[in-house]
Structure formats: structure tokens, C-alpha cells
Amino acid sequence: MAHEELHLNLRNLNLEDYDQLQKLMDRVYDDIGGAWPKDTIKALVEQFPDGQICIEESGRLVAVALTVCVKYERFSNPHTYDDLILRNEKIWHNANGDSLYGLDVFIHPDYRGYRLGRRLYEARKELCRSMNLRAILAGGRIPNYFKYAEQYSPEEYIQRVDRKEVYDPILSFQLSNDFQVTRLLHKYLPEDEKSQGYATLLEWRNILYTPPSPVLSVKKTQVRLGAVQWQMREFTSVEAVLEQVEYFVDALSDYKSDFAIFPEFFNAPLMGLTDQMDQTRAIRFLAGFTQQFREEMSEMAVSYNINIITGSMPLIENDRVYNVSYLCHRDGRVDEQRKIHITPHERRDWVIEGGNSFEVFDTDAGRIAIMICYDIEFPELGRIAASKEVDVIMVPFWTDTKNGYLRVRQCAQARAIENECYVVITGSVGNLPKVENLDVQYAQSSVFSPSDFAFPHDAVMAETTPNTEMIMFSDMDLEKLKLVRNEGSVTNLKDRRVDMYELKTK
């Protein structure tokens, strides 16, 4: 039949379809007993109607997928087909099961080549996701094995099918639909002479599965981020800076943001209150306010119910100066991340030293890492964060010229793609004529995503107007990260050649 003449309809099976189903099963399974009795199908349709899926073409049944619910712990271990069969040939269905079990998929021979099996598998996967089930399990026949039984053991046969050296009509199809072979089953269906009684235990894992837990302990998957593109201006006191900070925190909180992020050295205008002739002394003067900023911004995080990334500010410890960012959780906890890579300017003029530890932080709105400006230009940190399953990398930055800004921006985009996560950059704008080395700013704050169909076509979730003080919002779906990492057009993290290279930390 020409494809333009097809009129396909995907729907749930009902008992009125039995006569057609019987003829179809008898034709497809003439070698292993043919169709199941009507009572068997009746029980499946009544007990689990959503799991019985079919495709009809102009009213004719041409493809069917039959499914039950089972307990993962029971059927992810060795079993036989008879373990699914109750008395009177009824199929075991556990309404409290946490996984689907694929009993069967069969296609009318005249309709093979139209990828109807793929449609049924995708419908089954969607059912698994919608029911928040752990996995789809299936015992898969290997009907071409009898042709190779004298040459290969069942394990060798499976490996060769996986490498596409041998074709098996069932196993090759299942592997192409993202199922993994987890074990070899013996005497699964003894009457299956072509498979010589062997079968593969196959599994498709639902990466979006969330184990049952109390509602209040469930982590958010829809996260709203608010970023402040900060205007550098002259301030006469710490209180004046904190008043401006609170204004933005209040505004971002009003829009129900989960995070507020400020730029690197956003409180640098306070250096204008001291002598600019000695830059080392000026940065240490600024560091004298860091404890106050840390405490008051932490209080704001609690009061306004928002997690705050405090940009960055200098910290003196053991007479050494570090560039540090604080993560003020809205539950009152405070974490810190020191800038790892120090720019030549920071090292030369301010004698800032790099931190020696890099962390990924769990929050109530995802797992985040903080990379301060120059840090984002080193891919090793991003890879470490990815190995710890980071969701969002926060990048407070300060750049004076557009070329400096573009280094940050383009490296941030690269980190988002190669590590399959969101990356947020936020900087400051305006001029500080009275502050040496921070007299001009250039910034366009942005949120970047992986580059795939689930995200904007240019992988830019949101961005500000360049060089204008403003706030920016972006809603990030953390579930999409799970999908792109496992089922994306490309899967950068999975496809690394760890047989050739690896990242070692000291």
C-alpha cells in the first residue's frame, strides 16, 4: 500500500477488537501457539486499559502493544514467561506496580516498514512517564538465534547484534529504541525453538521518574531565575549600596524568583571612599565590608524567600585576599565559592589569590555551581560540575570592554552545550570615574541552554539590553536537562571517550 493512502489511528484497544486481534496474532505467532484466548485479552483491557495500545488503518487492526504493571524488583531479576501467567491464561497485572512490562508488540506483515512498532514504543514510553513509573521491562525473544547457535553462544550472539554484525528482527529493533539488555534469560519461553528458549531481559529507564515522597520534600523542577544587571554609580555609604541591593531583591521576589544573582565586585563603588593611589590598600578597604554584606544579604534571602548569589567581593583570610561569592539559601544557610582562576589584573593590582576548592551546591531549586568570571573560560571546572550532575552554573562577571565580555559569553555558551546544563551570566554596566581599574563596564546578562530541540533555537533563554541597568527573568525546566542528557539529538556527556581521556583533580 502506498503511504499516501494510509489513514492510521493510534488508540487504546477494546474488547470489540478481539476478532481482528485473534487473526493478527494467529498470523504473526503461528510458530508459538497463535492468539491468546478472549478472556485473557478481556482481563487486560479491564484491568489496565491504558496499557493496551493499537493502531488501526481505515478501521483495520494492524499493530498492537500489550502491557501490564509489575514490581521492578521482581521482574528486573531472572524470570520466565510463565511467571506472568495466572490460572486460566490470565496475565499478571499488579495495579501497585512501579514499572511497565511489555508483553508483546506485533505488526501485520503487510504494514511492516512504516515504523508502526516505533509509534507503539513511543506511546508506551509516554505512558510510563505520565504514570511516573520507574521503567519499562520486557523479555525479548531472539528469533534468529537458531541460525547462529552452532557458531555463537547466546551472549556472543547478543553482542554481535548490538554491534550490528548480525540482524535479529526483535532484538535489533529493541536496541534501536533505547532499550538496554540487562541479562540473558534461560528457558524464558521453552516452546520458542527459534530462540532456543533464550530471551533477553530488556529495560528502558524513565529518567523523569520521581520516587514517592512527602509533597513538601519534593524538589522543584520548574525554576525561575532573576538576574540583576547592576548600574555602577557613586555611593556614599555601605547602607546606600545595601538599600539598592534590597530594592532588587524585593523586586525579584515579587516575581516569585527562586534565585537572585548579582555581578562580580558589584560593591566596588565603595572603593571610591578611600585613597586610589594604592590599589592593594583599596581592595583591602573594600574587603572590610564583606562580612556585613554577607550577613545582610543572607537576612534578605530569608526575609524575601529567595536564594541569593551575592555576586562577588574581596575576602581577607590569614592576610591573603580572595575573590569570593556567597550562596545565601532562603533557609538561612550560607555557602561560599572562591574564584579559582585569577586574572593578571587581579593578581597584579590587587594581589588576589585563587581558591583551592570547587563545589557544587544543592538548593531547593536544583543543583548549582558558581564560577566567577574568568573561571568560566576554563572547561575543566564545567566538566567537574557536570560530573556532579549540576543543573545551573551561575557566573557573576565584571568586564570593561566588549571583547572581554565576549570571552565570558562565548565560553559560557560552550559550557552550556558541552555539559548539558543552564549557564547564567550577569555583569555590571556604567562608569566609576573615581575608582581606579573599574572606571568602565560592559555587560549583556544572559541565560544559555543546551542546543537542542527542547530549547530555544539559538540556545539563549533570555538576555538583557546591553549596558542598561535592568533585571532579567528566565524560567528553566530542569526535567529538560534529563531528557537532553539521555535522549537528545546529541548526548555530549554520554559520548565522551573516557577510554581515551579523563579529568583528574588534585
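A short reminder: the numbers here are calculations on the coordinates, not readings from a lab. Here the structure is a predicted model, which means the values were calculated and not measured. Cβ atoms come from the backbone with ideal geometry, glycine included; neighbour counts cover every protein chain shown.
The table below gives the values:
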item: Fewest-first sequence of THR468, THR274 by Cβ atoms within 10 Å of each Cβ; result: THR468, THR274
item: Under-5 Å amide H pairs with ILE85, H placed in peptide plane, nonlocal only; result: TRP92
item: Amide H within-cut-off set for ALA462, under 5 Å, with H built and near neighbours excluded; result: VAL447
item: Rounded tilt (10° steps) of 38-47 against the dominant C-alpha axis of the chain; result: 20 degrees
item: Sorted by Cβ neighbour density within 10 Å, fewest at the top, the residues THR40, THR464, THR310; result: THR40, THR464, THR310
item: Sorted by Cβ neighbour density within 10 Å, fewest at the top, the residues TRP204, TRP92; result: TRP92, TRP204
item: For q = 0.11, 0.13, 0.14 Å⁻¹, Debye-computed log10 I/I(0) when each Cα of segment 219-486 counts as one equal scatterer; result: -0.54, -0.77, -0.90
item: Signed unit charges on C-beta, dipole axis of segment 3-205, positive-most listed residue VAL64, GLN180, PRO143; result: GLN180
item: Relative contact order of segment 219-486, defined on C-alpha pairs under 8 angstrom at six or more residues apart (%); result: 22 percent
item: Sum of -39500 (n - 2.57) over DSSP H runs of 4+, divided by residues of the chain (222 nm, nearest 500); result: -8000 deg cm²/dmol
item: Angle between the chain longest axis and helix 478-487 axis [Cα atoms, degrees, rounded to 10]; result: 50 degrees
item: Cβ crowding within 10 Å averaged over residues, with 72-78, 123-129 ranked highest first; result: 123-129, 72-78
item: The chain, relative contact order in percent, only Cα pairs under 8 angstrom and at least six apart counted; result: 10 percent
item: Magnitude of the charge dipole, the chain, Cβ model with Lys/Arg +1 and Asp/Glu -1, debye to 20; result: 800 debye
item: Per residue, the convex hull volume that the Cα atoms of segment 3-205 enclose (Å³); result: 118 Å³
item: 5 angstrom amide H check on MET470, placed H, neighbours 5+ away; result: GLN229
item: Whole-Å distance, taken between Cα centres, linking segment 449-475 and segment 124-189; result: 42 Å
